[in-house]
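Reading through the structure tokens given below for one structure.
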Amino acid sequence: MITANEVASAVGGLNKRARQPIPDALKRNPPLYIFNIYEMKHTRGLGSLGTFHVPACEPGEAYSKPLVVPGEFFDEFDRGEGSLGWTYETGADVAKAILNVGHRDGADLSAWGVFLAADKKPTREELSAAREKLTAKMREVLAAGDALALQGDSGLAQIQAMHRKAAHYLKQHRDWINAEPVEMRECHGCGAFVKPTLPRCPQCKAPFDLAKCRELWPMEYPIMTQRPVAAAR
Ligand SMILES: [Zn+2]
């Protein structure tokens with residue numbers, strides 16, 4: 001991250017080159033403060049703008065330490081023939097990119113209790129708005145856990161820590177919270193996830209243990225032997 005002062009000193013060192021002047025009016029934006037009300041920390045890489053770490057909310061705290069985003073971002077680039085240009089981003093735009101509002105697949109941090117505060121300290125309203133969004137997200141995750149549990153063993157095997165955390169966050173009990181994780185086998189016949197103790201796939205009947213299958217279902221898994229070929233007429 002480059003501050004306005006660092007830009008100024010870099011400017012001094014490079015003044016042999018023709019330089020597009022940076023207007024002073026662009027150097028006056030105050031820093032921005034991003035907070036987190038949940039125990040999950042986040043890292044967001046934004047290329048040349050830098051990598052940003054949103055701290056986790058520590059147990060017993062209402063919100064995390066802030067991620068402080070500078071009010072503006074300057075970057076310089078070589079325009080060729082001894083001339084340098086610069087690019088400029090407002091901290092507000094960078095903060096927006098960190099939060100990733102509206103993105104799907106869990107990438108929208110604002111759904112996970114992360115928010116941009118108007119000042120150095122979050123207000124009661126900002127905190128309750130963040131809590132509301134986080135609760136909605138947790139309900140979504142819990143519902144996904146319930147849907148998996150309904151699929152039986154293959155679904156239970158896909159229950160993850162996040163599903164359990166959602167139940168915990170919402171103070172909901174679910175039988176599947178304590179379900180022992182079963183290591184499932186991927187069927188070589190149809191790709192279904194099945195219990196490893198089964199002799200065959202319950203969906204496509206591909207045998208995992210052929211000897212056992214022959215014992216249990218001799219008609220379905222016949223032993224191929226050379227039989228005398230009927231004489232052709
Ligand atoms: Zn199968």
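The values are calculated or read from the model by the stated rules, or taken from the named source; none is laboratory data. Only a predicted model underlies this, so the values are computations on that prediction, with no experimental measurement involved. Virtual Cβ from ideal backbone geometry, glycine too; neighbours counted across all protein chains shown.
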Residues satisfying the stated conditions in region 80-135, i.e. modelled with pLDDT of 85 or more, of a type in the set (Gly, Ala, Ser) and within 17 Å of the chain's Cα centre (by Cα): Ala97, Ser110, Ala111, Gly113
Candidates Glu72, Glu81 - the one that is surrounded by fewer than 13 Cβ atoms within 10 Å (Cβ to Cβ) and more than 22 Å from Lys171 (Cβ to Cβ): Glu81
Contacts under 6 angstrom Cβ, first residue in region 172-194 being basic (Lys, Arg), partner within 12 Å of the ligand (Cβ to nearest atom), 6 or more apart: Arg185/Val194
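Evaluate the following for Ala136: is it among the small types (Gly, Ala, Ser), in contact (Cβ under 8 Å) with a residue 40 or more places away in the chain and in a helix (DSSP H, G or I)?
Against the criterion (among the small types (Gly, Ala, Ser), in contact (Cβ under 8 Å) with a residue 40 or more places away in the chain and in a helix (DSSP H, G or I)), Ala136 does not qualify.
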Residue among Ala167, Ala161, Ala231, Ala211 that alone is in contact with a helix residue (DSSP H, G or I) (Cβ under 8 Å, 6 or more places away or on another chain) and either over 30 Å from Leu32 (Cα atoms) or at pLDDT 90 or above (or both): Ala167
Lys212, sole failed condition from (1) assigned to a loop (DSSP other than H, G, I, E, B); (2) within 16 Å of the ligand (Cβ to nearest atom): (1)
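Here is a yes/no grid of residues against (1) touching a Leu at 6+ places or on another chain (Cβ under 8 Å); (2) under 30 Å from Pro66 (Cβ atoms):
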residue	(1), (2)
Lys133	no, yes
Arg139	yes, yes
Gln151	no, no
His163	yes, yes
Cys187	no, no
Val194	no, no
Met219	no, no
Ile223	no, no
